[in-house]
1. From the set of residues in the stretch 26-59 that are within 8 Å of the chain's Cα centre (by Cα) and part of a loop (DSSP other than H, G, I, E, B), which is surrounded by the fewest Cβ atoms within 10 Å (Cβ to Cβ)?
2. Residue by residue through the stretch 15-24, note down the ones that are open to solvent by less than 60 Å² (accessible area, probe 1.4 Å) and closer than 21 Å to ASN49 by Cβ.
3. For the stretch 1-25, which positions are out of contact with any strand residue (DSSP E or B) (no Cβ under 8 Å at 6 or more places or on another chain), outside any helix (DSSP H, G or I) and at pLDDT 90 or above?
Amino acid sequence: MSRGNSSFYARLQAAADLLSTGVVVLDRYGRVLWCNTAAEMLIGCSRRNLKGTDIGLLFALSLIHISEP
């Protein structure tokens, strides 16, 4: 990645982290590439731990958590 691209992505990440809405970026296989701070808070997991996780697994785990008494 060139220096210009890394600067662009750093600015994009900083802007996305200001949003109160959770943003999750997936690859074409449904694995988490990146998420913003609001998504971390909603999901309850750090972006470092989320990276590479299958989004289907995240939804399944959230449904289990919601259905617990």
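1. Filtering first and then ranking leaves LYS51.
2. Result: ALA16, ASP17, GLY22, VAL23, VAL24.
3. Correct list: LEU18, LEU19, SER20, THR21.
The values are calculated or read from the model by the stated rules, or taken from the named source; none is laboratory data. Computed from a predicted structure; not experimentally measured. For neighbour counting, all protein chains shown are included, and Cβ atoms are generated from backbone atoms with ideal geometry for every residue, glycine included. With ligands, DNA and RNA removed, areas are computed over all heavy atoms of the protein, side chains included. Shrake-Rupley method; radii C 1.70, N 1.55, O 1.52, S 1.80 Å.
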